[in-house]
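Accompanying notes for the structure given below.
The values are calculated or read from the model by the stated rules, or taken from the named source; none is laboratory data. Worth saying up front: this structure is predicted, and the values here are computed from it rather than measured. Counting neighbours? That spans all protein chains shown, and the Cβs are built from the backbone with ideal geometry, glycine included. To get the accessible areas, we keep the full protein, side chains included, count just its heavy atoms, and leave off ligands, DNA and RNA. Shrake-Rupley method; radii C 1.70, N 1.55, O 1.52, S 1.80 Å.
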Amino acid sequence: MKKLAIQLILIIYALFFAPTVHAKEVISWCAFFNWNPWIYPYNNSYDGILIEELNVFKKNAGVDTKVHKNLNWKRCQQQVLDGKVDFILGGNRTPEREKVFSFVDEPAAINNSVMGMYTLSDGNIPHSVNRLEDLKGYRFVTIKGTTWGKVIDNHIHSLEKSKIEYVNSEAQIIRKILTKRGDYFVSSESILNTIVNNNQESIPELTRSKFRQVVEIKRSIPIYVFFKKDSEQFLKLNKLFEESFKQYHSSTDVQSRIEFHKQRN
């Protein structure tokens, strides 16, 4: 009888007095995933500077996150606009995007990088071509909705419509170039290596040696996290992201982390 009474007391305590455990809120994100050192596939997940910053944010905000990994860059942006994904982890801020997206006030990072225009090693572009102006007579392939900084974007906007083709993924760019239905594309050495590694199974003839750099462009561009314009999640999380980015940069040797991630290519 005494044992039964103790069990009843414990049950009553559990029902009325024990602290309630609340599940963490889960917010969803997508990204341009092949962007080392900022974000890239690693061990069946993702790593990079943006992931390190996201982990700081998750701790500060007390939330969990869910990645939508099967979205190409175009669909990623559209899913956020449709309200099916909460935010985009990293991208450039442009006047066109500002019309439909809200950007966290503090940049997540500054992308000081060397980009290049790449072509097939045995493609149509002669080795004597080494300036952007010289490429205007050739066919350029890029992902729709992607920006590359002022110099490259100005070059793209200067091309005749017949000399530019928009596609939805890096794999589609590579296929266009390999089959000579396009002549050149923009990338960086690290991004190109990742694209090659990720697509060799579906494109067996694909190797890094298939491509050569035609023109080199240095740039320095802020990287932002952004949401659907004035969304509830943006209004709630903007300052938390801003504070988390500042905390990460003040407590981390970012350049050494950049070099660490680059070595994983």
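Looking at (1) farther than 30 Å from residue 249 by Cα; (2) touching a Gly at 6+ places or on another chain (Cβ under 9 Å); (3) not in a helix (DSSP H, G or I), which is the only condition residue 117 fails? Single failed check for residue 117: (2).
Among the residues of region 108-140, those that are surrounded by fewer than 18 Cβ atoms within 10 Å (Cβ to Cβ) and closer than 30 Å to residue 230 by Cα comprise 110, 112. Look through region 205-230, keep the residues that are without any contact (Cβ under 8 Å) to a residue 60 or more places away in the chain and part of a loop (DSSP other than H, G, I, E, B), and return whichever of them is surrounded by the fewest Cβ atoms within 10 Å (Cβ to Cβ). Checked region 205-230; the qualifying residue surrounded by the fewest Cβ atoms within 10 Å (Cβ to Cβ) is 205. Screening residue 157 against (1) surrounded by fewer than 16 Cβ atoms within 10 Å (Cβ to Cβ); (2) in a strand (DSSP E or B) leaves a single unmet condition, (2).
Scanning region 178-196 for residues that are farther than 21 Å from residue 113 by Cβ and either open to solvent by less than 40 Å² (accessible area, probe 1.4 Å) or of a type in the set (A, V, I, L, M) (or both) yields 178, 182, 183.
A search for C-beta distances below 6 Å between a residue of region 162-181 that is part of a helix (DSSP H, G or I) and any residue that is at pLDDT 95 or above and open to solvent by 30 Å² or more (accessible area, probe 1.4 Å), counting only pairs 6+ apart in sequence or on different chains, returns 163/139.
Of the residues contained in region 93-101, none is found to be open to solvent by 20 Å² or more (accessible area, probe 1.4 Å) and among the polar types (S, T, N, Q).
Considering the conditions (1) part of a loop (DSSP other than H, G, I, E, B); (2) of a type in the set (Gly, Ala, Ser); (3) crowded, with 20+ Cβ neighbours inside 10 Å, residue 202 is excluded by exactly one of them, (3). Name, by its number, the condition in (1) under 19 Å from residue 28 (Cα atoms); (2) in contact with a Pro (Cβ under 7 Å, 6 or more places away or on another chain); (3) in a helix (DSSP H, G or I) that does not hold for residue 233. It fails just one condition, (2). For residue 152, the conditions (1) at pLDDT below 95; (2) within 18 Å of the chain's Cα centre (by Cα); (3) over 27 Å from residue 27 (Cα atoms); (4) not in a loop (DSSP other than H, G, I, E, B) all hold with the exception of (2).
Scan region 236-264 for residues that are of a type outside the set (D, E, K, R), touching a strand residue (DSSP E or B) at 6+ places or on another chain (Cβ under 8 Å) and either farther than 19 Å from residue 112 by Cβ or not in a helix (DSSP H, G or I) (or both) and the total you get is 3. Within region 37-59, can you find the residues that are among the β-branched types (Val, Ile, Thr) and part of a helix (DSSP H, G or I)? Selection gives 49, 51, 56.
Residue 51: farther than 18 Å from residue 237 by Cα and either surrounded by 17 or more Cβ atoms within 10 Å (Cβ to Cβ) or hydroxyl-bearing (Ser, Thr, Tyr) (or both), yes or no? Answer is no for this residue.
The residues of region 60-82 that are open to solvent by 40 Å² or more (accessible area, probe 1.4 Å), touching a residue at least 40 places away in the same chain (Cβ under 8 Å), out of contact with any Ser or Thr (no Cβ under 6 Å at 6 or more places or on another chain) and assigned to a helix (DSSP H, G or I), listed by number, are 74, 75, 81.
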